[in-house]
1. Take the residues in region 195-229 that are part of a helix (DSSP H, G or I) and touching a strand residue (DSSP E or B) at 6+ places or on another chain (Cβ under 9 Å), then tell me which one is surrounded by the fewest Cβ atoms within 10 Å (Cβ to Cβ).
2. Hey, among the residues in region 104-149 that are within 13 Å of GLY167 (Cβ to Cβ) and small (Gly, Ala, Ser), which one's farthest from the chain's Cα centre (by Cα)?
3. Which residue is surrounded by the most Cβ atoms within 10 Å (Cβ to Cβ), if the candidates are limited to region 250-283 and must be closer than 16 Å to THR202 by Cβ and not hydrophobic (A, V, I, L, M, F, W, C)?
4. Scan (1) surrounded by fewer than 14 Cβ atoms within 10 Å (Cβ to Cβ); (2) part of a helix (DSSP H, G or I) for the single condition PRO121 breaks and write down its number.
5. Within region 313-336, count every residue that is within 18 Å of ILE303 (Cα to Cα) and surrounded by 23 or more Cβ atoms within 10 Å (Cβ to Cβ).
6. For PHE113, indicate whether it is surrounded by 22 or more Cβ atoms within 10 Å (Cβ to Cβ) and modelled with pLDDT of 95 or more.
7. Among the residues of region 342-358, which ones are part of a loop (DSSP other than H, G, I, E, B) and either within 19 Å of LEU63 (Cβ to Cβ) or not assigned by TED's automatic domain parsing to the domain that holds LYS301 (or both)?
8. Can you tell me which condition GLU171 does not meet? The list is (1) over 26 Å from ILE303 (Cα atoms); (2) within 24 Å of the chain's Cα centre (by Cα); (3) surrounded by fewer than 23 Cβ atoms within 10 Å (Cβ to Cβ), and all the others hold.
Amino acid sequence: MKPAITSVCFTFLLLLALTKSSYGQTEKAEKEIHAIMQEHAVVGLSVAVVKKGDIIYSKAFGLKDIETNKPLAQNDIFRIASISKSFSATAIMQLVEAGKLSLEDDFSKLVGFKVRNPNYPNTAITLKMVLSHTSSINDSQGYFTLDAINPAKNPDWAKCYNNYEPGKGYEYCNLNFNMVGTIIEKLSGERFDQYIKQHILTPLNLYGGYCVDSLDAGRFTTLYAYDTLSGKFIRSPSAYNPRRDEIKSYVMSYSTPVFSPTGGMKISAPDLAKYMTMHMQHGKYKNTRIISRKSSKLMQKPIAKNGYGMALTTEKDLIPGKMLTGHTGTAYGLYSAMFFHPKEKFGIVVITNGCSEPETDELNKVIVATINSLYQNLVK
């Protein structure tokens, strides 16, 4: 008669079986990701998966730089484009909690010059409208300087406004968040990039930032735009432009677009996943609280009819049957996505530095397919 298996032995065998199962699912996910990359000519891809507050998987695939054939590493950083907006909104919520402003404040009073749709002169544009892209403001005059919308600087300032009443329509607008950055400077007394570092990145122990010269250039991932006519990737050197001359003549509470609050954050996928987890857990990561639970819920609550809240939006087309919260980014050939499920406590970050998908399609096939593979194999 064979001796009975001891409880210790049984536990060991169970853990071994679970490990093999987990490895098998990881192997399947990676095989699918390699296939996705091959199908869509992906240069490099960095991913991170969070479950119940912890990163359960992160890996970098492909190349960091085509010219040197250098492989992408997990700690390499990307300019993540519009996901950056959520950092600005998070900073605003901190200032709201400190009693320095209100979401219902007239934006004109906050920014220091007239921000009022000339078609609706009696309707105040509030900070909340600007944060949710319901301000009726557009990017037609540009967004790299506040001169675009400042009546004292641009004779065509009125073109910055759409012909619908503020608060009653939606148009995604980068100028909104470059203006928000100036508000953060004005009310905190700190330069925008330094505020984000001191009040969000450092408390969460994250490596990243908006100021190029404050970061290790050796960790920058090269971004590539795909030329459909030639079928070749074109390096995007301006993605990490340090803009040193502009910074030398910096004017607090006006020159803020130099750092691009709307899209200039540089960070790695694993660190972005930690930041995402803070939002998924309603303002807290590990033992550090960045914003209150109330503020976090306000950011995630849809304001516009399409589900956009305050720099976070809801998305129902990523994973069938799941309503996710997060944001995407598109610039210089890069695609980024950060989405989480607040109730089921899982989240996924995917960033690519170049692929053959068209740049006009924010939810491109690489992002969608990778998120679904990671969910099906590592989360579900």
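1. Taking region 195-229 and keeping what is part of a helix (DSSP H, G or I), we get 195-201, 212-214, 217-219.
Checking the rest, the ones that are also touching a strand residue (DSSP E or B) at 6+ places or on another chain (Cβ under 9 Å) come to 196-197, 201, 212, 219.
On the way: ILE196: 27, LYS197: 19, LEU201: 20, VAL212: 20, ARG219: 16.
Selected residue: ARG219.
2. Once the filter is applied, the top-ranked residue is ALA124.
3. Within region 250-283, the subset closer than 16 Å to THR202 by Cβ is 265-268, 271-272, 274-275, 278.
Narrowing further to those that are not hydrophobic (A, V, I, L, M, F, W, C): 266, 268, 271, 274-275.
Values: LYS266: 22, SER268: 26, ASP271: 22, LYS274: 21, TYR275: 24.
Only one residue fits best here, namely SER268.
4. Unmet for PRO121, out of (1) surrounded by fewer than 14 Cβ atoms within 10 Å (Cβ to Cβ); (2) part of a helix (DSSP H, G or I): (2).
5. Taking region 313-336 as the starting set, the residues that turn out to be within 18 Å of ILE303 (Cα to Cα) are 313-316, 323-328.
Those still in the list that are surrounded by 23 or more Cβ atoms within 10 Å (Cβ to Cβ) too: 313, 324-327.
Residues in region 313-336 being within 18 Å of ILE303 (Cα to Cα) and surrounded by 23 or more Cβ atoms within 10 Å (Cβ to Cβ): 5 in total.
6. On the way: surrounded by 22 or more Cβ atoms within 10 Å (Cβ to Cβ): no; modelled with pLDDT of 95 or more: yes.
Considered against the rule, which asks whether it is surrounded by 22 or more Cβ atoms within 10 Å (Cβ to Cβ) and modelled with pLDDT of 95 or more, PHE113 comes out as no.
7. Going residue by residue through region 342-358, those that are part of a loop (DSSP other than H, G, I, E, B) are 342-345, 353-358.
Hits for region 342-358 are ASN353, GLY354, CYS355, SER356, GLU357.
8. Result: GLU171 fails condition (1) only.
The values are calculated or read from the model by the stated rules, or taken from the named source; none is laboratory data. All values derive from a computational prediction rather than experimental measurement. Glycine gets a Cβ as well: all are built from the backbone with ideal geometry, and neighbour counts include every protein chain shown.
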